[in-house]
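The values are calculated or read from the model by the stated rules, or taken from the named source; none is laboratory data. These numbers were taken from a predicted model, which means no experiment stands behind them. Counting neighbours? That spans all protein chains shown, and the Cβs are built from the backbone with ideal geometry, glycine included. Note: areas computed on protein heavy atoms with side chains; ligands, DNA, RNA excluded. Shrake-Rupley method; radii C 1.70, N 1.55, O 1.52, S 1.80 Å.
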Amino acid sequence: MTEACVGFTRVLRGAGLQCGPDRVQAYLRATAHVDLYWAGRLTLCADPDDIPRYDAAYRAYFGGTPPRPRATIELDSLTVGVAASEVEVLRHNDISEFNATPLIQRLKPLPPRRRSRRLKKARRGRIDLARTVRAMIEIGGEIALPRHRRRGVKARRVVLLIDVSGSMAAYSDALLRFAHVIAHAMPVEVRTIGTRLTRVTRQLKERDPERALRAAGRAIPDYEGGTRLGEALRRFNQQWRQRGAVVVLFSDGWERGDPTLLANEMARLRRVSHKVIWANPHAGKPGYRPVQQGVVAALPHVDRMVAGHSVHALEELLKEVRHA
């Protein structure tokens, strides 16, 4: 059976799927826990566009019709059915090497919190004189226990700036799916950066992730193009008028524009933000050094640089955002 599965991955490579050694190994391990079709679909399809080619190759190689889930819950159980150890391995694998969509969709983001200007009822805090007096009037002028109020807590806005240039092509789809999950969990503003700045917040508010990603893709005119981080950030700083947000920039730092402009705009962004986090897909890899001119220019104006190459790294990023 192992030989047949390896042969199937050769057919998939011929059909245009990126079946590298890591994905092949993950596929072989997954076949011990789920059937051949779902084991391959989970580990060998890196993009929704791969699925039709995968199905055609499956029919040609194994024969018969690819199975389909009778209900959404069945697909979820198949995904969860992969052994916990396999899921743990996938969580730490580079998201450019396998289809991380099922794992990303299971993330549970929590928003950062901030103190609200509005006061609300509380057991402790400053005395609410008006409520205390009303309570005394209600009991005929007798002395009443003092009422209190304190400032409430509300979600702090999060801004996601996602580099969709050519050098980030292997990560862009997964990061947009990550942004889609966040967009349905907290107040968020999402812009993509390439040779220009594009707002995709509205598109990612669509509940269905595939429709949301297709809508975002149609809205992005410079997908897999060049990178001009400084110019895009200048446009963002001109447009963005809210202060105190947590800003997360996803980029590898390959800047084709003026690094001095990037440094100035990052400094400007830092002055109006609560916190600026740079998620770099290369930062979590052994031997990485921040030597790209974009990273060197921006790093003095970043609160934290974190890894952004795996589902585990994205989980750690969510913790960083939550406690910002």
Percent RCO, i.e. relative contact order, over segment 161-318, from Cα pairs under 8 Å lying at least 6 residues apart:
20
Taking only the Cα atoms of the chain, how large is their convex hull per residue, in Å³?
176
Mean Kyte-Doolittle hydropathy of -0.5 or higher plus an axial Cα length of 18 Å or more: which whole DSSP H helices in the chain meet both?
2-14, 169-183, 259-272
Starting from one equal scatterer on each C-alpha and no solvent at all, send me the Debye-based log10 I(q)/I(0) for segment 156-292 at q = 0.12, 0.16, 0.22 Å⁻¹, two decimals.
-0.44, -0.80, -1.49
Compute the distance in nm between two label points, each set 7 Å from the Cα along the Cα-to-Cβ direction, one at Glu138 and one at Lys285.
6.5
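What length, rounded to one decimal in nm, is gained on full extension from Tyr61 through to Leu28, with 0.36 nm per residue of separation minus their alpha-carbon distance? Before the final figure, lay out each step's value.
Working: separation 33, 0.36 × 33 = 11.88 nm, distance 1.64 nm.
Working it through step by step, the gained length comes to 10.2 nm.
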Gln18 to Val153: FRET efficiency via 1/(1 + (r/R0)^6), r the Cβ-Cβ distance, R0 51 Å, to the nearest 0.05?
0.70
Where a Cα-Cα gap under 22 Å defines reach, which lysines qualify for Lys285, not counting those fewer than 8 residues away within the same chain?
Lys319
With only helices counted (DSSP H, runs n ≥ 4, each -39500 (n - 2.57)), the per-residue ellipticity at 222 nm for the chain, to the nearest 500, works out to -14000 deg cm²/dmol
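Remind me, relative contact order of the chain in percent, using alpha carbon pairs under 8 angstrom and six or more residues apart?
So the answer I get is 14 percent.
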Which percent of the accessible area of the chain is formed by carbon and sulfur heavy atoms (probe 1.4 angstrom)?
50
Can you tell me the accessible area per residue over the chain, all protein chains present, probe 1.4 angstrom, in square angstrom?
51
